[in-house]
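Inspection log for the structure reproduced underneath, given as structure tokens.
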Amino acid sequence: MRIAGAALNQIPFDWSHNLRNIREAIEQAQAAGVELLCLPELCLTGYGCEDLFLSEWLPEAALEHLQLIRPWTQGICVVVGLPVRLNHRTYNTAAVLRDGQILGFAAKQFLANDGVHYEPRFFHAWPAGETTTVTWKGEEWPLGDMIFEHQGVKFGFEICEDAWRPDDVRPACRLVDRVQLIVNPSASHFAMSKTDVRYHLVTEASRNFRCTYLYANLLGNEAGRITYDGEILVARHGHLLLRNQLMSFKEVDMECVDVDFAQELAPAETIELLPAPDEYRELNQALSLALFDYLRKARSRGFVLSLSGGADSCLCAVAVAEMVRLGTTELGTAEFMRRSGCFTAEEIEQLAGPVAPVPDQNAPGPKDASLTDPSQHQKTINQQLMARLLTCAYQGTVNSSDDTFNSAKELADSIGAVFYNWEIDAEVTGYTGKIEQAIGRPLTWKTDDLALQNIQARVRAPAIWLLANVQNCLLITTSNRSEASVGYCTMDGDTAGSISPIAGVDKDFVKKWLRWAETELNYPALRHVNGLQPTAELRPLEEKQTDERDLMPYVLLNRIERLAFYDRLSPRQVLATLVQEDPVADAEQLKTYVKRFYSLWSRNQWKRERYAPSFHLDDYNVDPRSWLRFPILSGGYTQELNAL
């Protein structure tokens, strides 16, 4: 049997968009002679509908729209994910359709309730072994723990989280020797190196449960924070049969493989070893696709960035440039421009020539082009695209250095972004003068250090917001996860923005990524920022302010953060772990850093509550709306820190 998975780039309850992608996937599969096609989890509605899943109308509308898919399934068996609501409870299901008929609905048995997932808020878990019926306008179909048959091949389901449970309780354990194929429609969020875990999950399941295992994931930034990598995997008895290229810019990525279900295979002795994921390249691809989807789904006209010349803003600028490079490499210039929604037909034809037909959706996914430069002609075109898609401004003060200005200007010029340069000293003086007059005393660095730092960052916001508004663009804010943890930022200043792309990435990784990008992605202008110590440049230059002098070494900050909130250790346990990991370190200094981290963390939760939406890129983040909840007001670890 020729079986296939299709990764779809969907939008929450955008029915016409989602149905168009579903139809495209089915038509591609039919043209390729596919006999069974798996589409991703909740692909009809989108996975990120949040509390709308609790409504009566959304699942009802999904069932109504499912009827439109029925006539498209002539000669093929298709799995479509959607919510079904029964007796005021919503279930996460996979509908099986064939030859215009609905055969039934398999229901998800385990719900993800950790990290970025809160599925038990929206759905009820289906009990193993039970079935019921769904009725709609006089028709009736079975729903529940189902086994189906197509062309003599019996198949059952695991829906995403079902497969991540222990082998003795997951649905597959009850399907052994009852089915030849397990189908897994998924909405599994991207995190760096997660693809390796997923690969082992699928291949080992195919071996342990003596079956063929078909896995299909969602694709792209669907709803704002979470990005899906579009992974499609097929394994049989421990042998990998199919694995696609991740992070495609296509709306539909359909991949198929022939499986001889009559052939007897001995269980695989070992799982094939694949190269470890390259996290720098993974981040690059995920960030590029997430920005592209956010741009077009927000119906915006480009990005605006306050480019300070520091590490974070430089990474954000390069991410937009890579969005253009990777997007045009895969889609072609004309299709990239059309899909972005930022260009008129005349502009597309002027820059890219007559608009060619949409590229073959069955063509291979994005090539790893990071080591082979595009032609000089394509580079020039990409720079012209960048002039429309990214506008940067360097907003200097008397405390800004030539180093950061040169870093910002050379990078912007090299990628083709529009670059403005203006000073904000007059605005700073205006505000400080007003307050000095009001309180009847001068503001000095000795008495008002933080206030004088903050006002510089804060007065940068109105002008850059105005520029973004004038151009109908999204304002990028550049905060990273390390800064978010300790509140090393100015609210309504450097945190101002529509989207915070790298707030899920720690500062040490940002610095390492930029060194990698300078050489591997060929951005020589990054040599400036890669030669600088990260600094806010808010104190007088003679003080030689640096981030790590204000806080602590970033490597240590990241380690404390991970131990505290990923491993969920107490302050005492964190300190003991640090001492054990580095016995020659100054234990008193480590204690000081631990106290500083927890104190800054506790008093700055209100800032994390107000950050612009951020992309989930690592295996955890500190966004209270997607991963880590913490009280705004608390005891601040007072007793725990005193006990140290």
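The values are calculated or read from the model by the stated rules, or taken from the named source; none is laboratory data. Note that this is a predicted model, so its numbers are computed, not measured. Cβ placement follows ideal geometry from the backbone for every residue including glycine, while neighbour counts extend to all protein chains displayed. In case anyone asks, the SASA skips ligands and DNA or RNA and just uses the protein heavy atoms, side chains included. Shrake-Rupley method; radii C 1.70, N 1.55, O 1.52, S 1.80 Å.
What do you reckon, is residue 475 at pLDDT 95 or above, assigned to a helix (DSSP H, G or I) and within 18 Å of residue 307 (Cα to Cα)? The answer is no for residue 475. Filtering region 46-57 down to residues that are closer than 16 Å to residue 187 by Cβ and in a helix (DSSP H, G or I), which residue is most open to solvent (accessible area, probe 1.4 Å)? Taking the candidates together, the pick is 50. Considering the conditions (1) touching a strand residue (DSSP E or B) at 6+ places or on another chain (Cβ under 9 Å); (2) surrounded by 16 or more Cβ atoms within 10 Å (Cβ to Cβ); (3) modelled with pLDDT of 95 or more, residue 110 is excluded by exactly one of them, (1). Restricting attention to region 187-206, the residues that are surrounded by fewer than 17 Cβ atoms within 10 Å (Cβ to Cβ) and part of a helix (DSSP H, G or I) add up to 4.
Residue under question is residue 437, and the condition is that it be buried (at least 17 other Cβ atoms within 10 Å of the Cβ) and in a helix (DSSP H, G or I); does it hold? Taking the combined requirement at face value, the residue does not satisfy it.
Criterion first (buried (at least 22 other Cβ atoms within 10 Å of the Cβ), at pLDDT below 95 and either closer than 30 Å to residue 295 by Cα or of a type in the set (Val, Ile, Thr) (or both)) does residue 485 satisfy it? Here the answer is no, as residue 485 does not meet what is asked. Considered as a group, the residues in region 614-641 that are surrounded by fewer than 21 Cβ atoms within 10 Å (Cβ to Cβ) and modelled with pLDDT under 95 include one that is nearest to residue 566 (Cα to Cα), and that residue is 620. All of 26, 3 fail the test of being within 23 Å of residue 214 (Cα to Cα) and either open to solvent by 10 Å² or more (accessible area, probe 1.4 Å) or not in a strand (DSSP E or B) (or both), apart from 26. The single condition from (1) within 30 Å of residue 533 (Cβ to Cβ); (2) of a type in the set (Asp, Glu); (3) at pLDDT below 95; (4) open to solvent by 70 Å² or more (accessible area, probe 1.4 Å) that residue 449 fails is (4).
Is it true that residue 33 is under 22 Å from the mean Cα position of the chain (by Cα) and among the small types (Gly, Ala, Ser)? Taking the combined requirement at face value, the residue does not satisfy it. Going through (1) in contact (Cβ under 8 Å) with a residue 60 or more places away in the chain; (2) open to solvent by 20 Å² or more (accessible area, probe 1.4 Å); (3) hydroxyl-bearing (Ser, Thr, Tyr) one by one, residue 300 falls short only on (2). With respect to the conditions (1) surrounded by fewer than 20 Cβ atoms within 10 Å (Cβ to Cβ); (2) touching a Phe, Trp or Tyr at 6+ places or on another chain (Cβ under 6 Å); (3) closer than 28 Å to residue 615 by Cα, residue 412 lacks only one, and its number is (1). So residue 482 fits all but one of (1) hydroxyl-bearing (Ser, Thr, Tyr); (2) under 25 Å from residue 323 (Cα atoms); (3) not in a helix (DSSP H, G or I); what number is the exception? Going through the list (1) hydroxyl-bearing (Ser, Thr, Tyr); (2) under 25 Å from residue 323 (Cα atoms); (3) not in a helix (DSSP H, G or I), residue 482 breaks only (3). Among the residues making up region 586-613, those that are under 30 Å from residue 224 (Cα atoms), of a type in the set (S, T, N, Q) and part of a helix (DSSP H, G or I) are 602, 605.
Within region 631-644, the set of residues being in contact with a Phe, Trp or Tyr (Cβ under 8 Å, 6 or more places away or on another chain) and outside any helix (DSSP H, G or I) comprises 632, 636, 637. I'd like to check something: does region 55-75 contain any residue that is acidic (Asp, Glu), at pLDDT below 95 and farther than 20 Å from residue 28 by Cα? So far as region 55-75 goes, no, none of its residues is acidic (Asp, Glu), at pLDDT below 95 and farther than 20 Å from residue 28 by Cα. Looking across region 411-437, the residues that are within 29 Å of the chain's Cα centre (by Cα) and either under 22 Å from residue 466 (Cα atoms) or not hydroxyl-bearing (Ser, Thr, Tyr) (or both) come down to 411, 412, 413, 415, 416, 417, 418, 419.
Of all the criteria given as (1) under 27 Å from residue 497 (Cα atoms); (2) hydroxyl-bearing (Ser, Thr, Tyr); (3) over 23 Å from the mean Cα position of the chain (by Cα), the one not satisfied by residue 592 is (1).
Going through 174, 210 one at a time, which residue ends up being of a type outside the set (Val, Ile, Thr), in contact (Cβ under 8 Å) with a residue 40 or more places away in the chain, open to solvent by 40 Å² or more (accessible area, probe 1.4 Å) and at positive phi? On inspection, the qualifying residue turns out to be 210.
Pairing residues of region 539-553 that are more than 16 Å from residue 397 (Cβ to Cβ) and touching a residue at least 12 places away in the same chain (Cβ under 8 Å) with residues that are open to solvent by 60 Å² or more (accessible area, probe 1.4 Å) and of a type outside the set (Ser, Thr, Tyr), at Cβ distances under 7 Å and at least 6 apart in sequence or on separate chains, gives 546/533; 552/596. With respect to residue 85, is the statement that it is of a type in the set (D, E, K, R), modelled with pLDDT of 95 or more and surrounded by 17 or more Cβ atoms within 10 Å (Cβ to Cβ) true? Considered against the rule, which asks whether it is of a type in the set (D, E, K, R), modelled with pLDDT of 95 or more and surrounded by 17 or more Cβ atoms within 10 Å (Cβ to Cβ), residue 85 comes out as yes. Considering region 321-342 alone, what residues qualify as being in a loop (DSSP other than H, G, I, E, B), open to solvent by 10 Å² or more (accessible area, probe 1.4 Å) and in contact with a Lys or Arg (Cβ under 7 Å, 6 or more places away or on another chain)? Across region 321-342, the qualifying residue is only 341.
Those helices (runs of 4 or more DSSP H) of region 492-585 in which 3 or more residues are closer than 13 Å to residue 482 by Cβ and at pLDDT 95 or above occupy 507-520, 554-561. Might you let me know whether region 193-201 holds any residue that is more than 22 Å from residue 287 (Cα to Cα), modelled with pLDDT of 95 or more and not polar (S, T, N, Q)? Yes - at least one qualifying residue is present in region 193-201.
Of the strands (runs of 3 or more DSSP E) lying entirely inside region 207-279, those carrying at least 1 residues that are within 17 Å of the chain's Cα centre (by Cα) and charged (D, E, K, R) are 227-229.
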